[in-house]
Each structure stands twice: as C-alpha cells, then as structure tokens.
Amino acid sequence: MNFTSTLQSKIILVPLLFLSTFAFSQDENTAPAKDSIPYVTLYDLFKKKENRVDEPESLTNFIILPTIGLQPASGFTGGFISQYSFKEKEEDKISLIAGGASYSTKSQILTYLKNNMYLKDATYFLSGDLRYYVFSQSNFGLGSDIVPYGDAFDNFDYEDIEEPMKYNYFKFHQTANYKIIENVYAGLGIHIDSYDSIEDELLDVANAELTEHYNYSQAYGFNDKHYTVAGGSLNLIYDGRDNLINTNSGLYVNLSYRFNPELNTSQQNSTTLTLDSRYFIPLSKSNKQHVLGFWTYGQFLTSGNLPYLNLPAIGWDQNSRSGKGYTQGLFRGANLITFETEYRFPIMKNQLISGTVFANATSASDVEGNLNLFHTFQPAVGVGLRILLDKNTLTNFVMNFGLGRDSKTFYFNDGEGF
C-alpha cells in the first residue's frame, strides 16, 4: 500500500483529533434551529460547556498550527501552517492569506504563501501562489495510459515505471483582476516557474540508461539540469461563491490564458489555457453543510513547448488537491483534465465533525506516444472526515482516503478539496 499525500499534507495535533472523535454528548447534538446551527470547534472541546459562547462574527481571523506529516519522497516532516482571513465589512466575502513551512528528514524544505483576496468592496480580486521547495518527486512518464487496462494491468507495478528526481523549485504566480459587472472579473497576471539543480537519479548517459525526463528534454531542446518558464496571463473570472474557504453554494469559473515568450535559449515560446470551474449545490434548507460539489480542472498546451516538469500534472493546482487517489505528479502530459464530484455532509449536528465522499477521473495526453486527451481516463474514489477549526470561516481540518487503480492515498490538510 502506498502512503502518499499532497505538498500541503499534514497531521495537525494528532492526539487532539482522536480526542475530538469521541467528544460527543447528547446535549450538544440536540436539533439546531433552522437558521441557527450551534457550531462547536476543536478548540471548544477544551472549554467548559458554559464557556462555549458564540462571539459576534469577527472581521479578521488568524489560525496557526504546528504540523507533522509523512510523505514517501520526503519522509517525516515538521513545521507550521497559518491562515489569516479577513473582511473589510461584515457583508463582504472572506479574503484569505495562507502560508506555511516544513522541513523533512530527507533535508527537504517546503515553503508557501498564497492569497485570494477581495479588496475595495470586492472591486478587485487578487490571487497568488508563491512557493520555494528543495524537493524530490518521482516521475512516471507521460499520458494517462501509464496505468494500463486489460491483461497488462494484472502484472502492473508502479515501481517498474518510477523514476525518482530531486530539484529546487521556485514559483511566483500573481494575478490582479478588476470587477466588470457583479461577480465578473478580468485582469492580468505574472507567472514564473523555475526548476534548478535537477538530479535525475536513474540517468546514466554513459551506459545508455536514459529517463523520460532526459529523452523529452533532448527531443524538445531543453536543458535537463535547469530551466525557467516566465510569462504573463489574461484572466476572466466569474465568482459567485458564498465562501471561498468552505463553499456551500455558488459557481466559480476561472479562465486563464498564459503566454510565455522566448526570452533566451532556456525558454521557448509557448501558450497555455487553464480552466478551473467549481459548482456547489446546497441540498438542505435547514443545514447548509449538506453540499454537492462539482470540479473541473484542466490545463492545455495551446502552442509551443514546455519543459517536462512544467507540463500539466495532477496535484499541481494552487491548493495541490487535484487527482486525489493517486500520488502527486503521477499523471502528466501536454494536456490534462480532471473531473471531481464531492458530497459533503454533517456527522454531528454541532458541525464539529463532518464527512465527505468523492469520485474523480483524470485524462492526460502524450504527444510522443500519440495519445490524445480523453482517450484514457483513470478513476478514483474516496471518503473523508472534517473537523471544524473556525466558526466564522468554517475552516476544517481535513482527512481524506483515496482509492485509485492499484493506488491508495491518504491526505491531511486544512481547507476543502476544492
């Protein structure tokens, strides 16, 4: 069984989570009023019941937590995560700045700072993703047919196609968007992805032991030790969500057209199109935590060539959540699309513990292997638990178990899958 996780995977205060699972009392689970659900958070468990008084909703909230985690490529990790959410006025939508850092037993450094903010009465919408990783991750080839169907699957083993790599990764993505009409934004973005000190661990050119990364780099004229992709983007966004941290209803669509001009010999001309679409349907009038969500996430190379590690891959969206059920980066290609459906539901009436079931499917193309997008899909299903951390923003600690084809994965993180 593979024990894997996304980059933000973490276990938050494990003993407290076990305690919270059994913190159930009949008094706390009496039926809530239709429009007033008595939320109880993880922190409330350490207060006396009479002290669990709902304070007026704050315009700002700050959470910081120590974390430990386990990843196959990283070993054990320890660090922290933090989240600052705010509103300019009570009726505004929630804005979010999140960051964290961790260090692993394999001397890896994982740091990130992300923002999704509504400013000046939601006239502006900013979205950014800043990361620096001293990292390692295996590659498995291109296309979603790397996991075969039919008789070939009986003898399939991921280790047979695994190619471990180490590299340093710097990412700076920031967009600024202006509201055209209600819920509709348009804007520009700056995007930089830099891969340095690339070590292809199985590569031995002298003995003709070559890897997918090396062969691709040679075929398309990229340096296999370092490369950078830098450019700008045009963005069109519709955002009708009620809460970007834990959405209960609404539609979100983000279309981003990125252009990367030829700057020097290390960067070729290329253009890409990214689609991020999410739709949430509330299923209950009395408890808004009954939600059916749909997510479509796709990245498409529309012209030119990208270096291998910058090709679209699962788990490399802003929140590193796509393709649950398979390890991050398993499916990669010039074009990639993943569909996911998730049902979220309360388990305890005080909202302390809730659950989810989900299903997804991913398709990736392989130009080298003449595999087109939508030709092969790889499905996965899963279940999860959520533990409420903050009443105002409805921020949850999330535990998910995903089951793909010959693949089992565990995820620990803060915030929803999408």
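The values are calculated or read from the model by the stated rules, or taken from the named source; none is laboratory data. Since we're looking at a predicted model, the values are computed, not measured. Cβ placement follows ideal geometry from the backbone for every residue including glycine, while neighbour counts extend to all protein chains displayed. Heads up: the accessible areas ignore ligands, DNA and RNA and are worked out on the full protein's heavy atoms, side chains in. Shrake-Rupley method; radii C 1.70, N 1.55, O 1.52, S 1.80 Å.
Residue-wise test of (1) over 22 Å from Y133 (Cα atoms); (2) modelled with pLDDT under 95; (3) open to solvent by 30 Å² or more (accessible area, probe 1.4 Å).
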position	(1), (2), (3)
Y149	yes, yes, yes
F153	yes, yes, yes
A186	yes, no, yes
S233	yes, no, no
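So that you can scan it fast, the table gives a plain yes or no per residue for (1) open to solvent by 10 Å² or more (accessible area, probe 1.4 Å); (2) touching a strand residue (DSSP E or B) at 6+ places or on another chain (Cβ under 7 Å):
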residue	(1), (2)
I347	yes, yes
T362	no, yes
G369	yes, no
L385	yes, yes
V398	no, yes
G404	yes, yes
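Scanning segment 394-418 for residues that are at pLDDT 85 or above and in a loop (DSSP other than H, G, I, E, B) yields L394, R405, D406, E416, F418.
Hey, among the residues in segment 109-155 that are among the charged types (D, E, K, R) and assigned to a strand (DSSP E or B), which one's farthest from D239 (Cα to Cα)? Walk me through it before giving the result.
So the first thing to find is which residues in segment 109-155 are among the charged types (D, E, K, R), and the list is 114, 120-121, 129, 131, 145, 151, 154.
So of that shortlist, the ones also assigned to a strand (DSSP E or B) come out as 114, 129, 131.
Working: K114: 18, D129: 18, R131: 25 Å.
Taking the candidates together, the pick is R131.
For segment 206-214, the condition holds for no residue, the condition being that it is in contact with a strand residue (DSSP E or B) (Cβ under 9 Å, 6 or more places away or on another chain), in a strand (DSSP E or B) and open to solvent by less than 50 Å² (accessible area, probe 1.4 Å). Residues of segment 188-205 that are surrounded by 14 or more Cβ atoms within 10 Å (Cβ to Cβ) and either under 16 Å from G128 (Cβ atoms) or of a type in the set (S, T, N, Q) (or both): G189, I190, H191, I192, D193, S194.
Of the set (1) open to solvent by 30 Å² or more (accessible area, probe 1.4 Å); (2) without any contact (Cβ under 8 Å) to a residue 60 or more places away in the chain, all apply to Q267 but (1).
The condition (being open to solvent by 70 Å² or more (accessible area, probe 1.4 Å), in a strand (DSSP E or B), more than 28 Å from L389 (Cβ to Cβ) and in contact with a Phe, Trp or Tyr (Cβ under 7 Å, 6 or more places away or on another chain)) is satisfied by just one residue among Y84, Y167, Y178: Y178.
For segment 67-78, does any single residue satisfy the condition of being open to solvent by less than 30 Å² (accessible area, probe 1.4 Å), within 28 Å of G128 (Cβ to Cβ) and either assigned to a loop (DSSP other than H, G, I, E, B) or at pLDDT 90 or above (or both)? Scanning segment 67-78, I find at least one residue that is open to solvent by less than 30 Å² (accessible area, probe 1.4 Å), within 28 Å of G128 (Cβ to Cβ) and either assigned to a loop (DSSP other than H, G, I, E, B) or at pLDDT 90 or above (or both), so the answer is yes.
Every residue, every condition in (1) open to solvent by 20 Å² or more (accessible area, probe 1.4 Å); (2) touching a helix residue (DSSP H, G or I) at 6+ places or on another chain (Cβ under 9 Å); (3) over 30 Å from T376 (Cβ atoms), yes or no:
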{"site": "A98", "(1), (2), (3)": "no, no, yes"}
{"site": "N116", "(1), (2), (3)": "yes, no, yes"}
{"site": "A122", "(1), (2), (3)": "yes, no, yes"}
{"site": "L126", "(1), (2), (3)": "yes, no, yes"}
{"site": "L130", "(1), (2), (3)": "yes, no, yes"}
{"site": "Y133", "(1), (2), (3)": "no, no, no"}
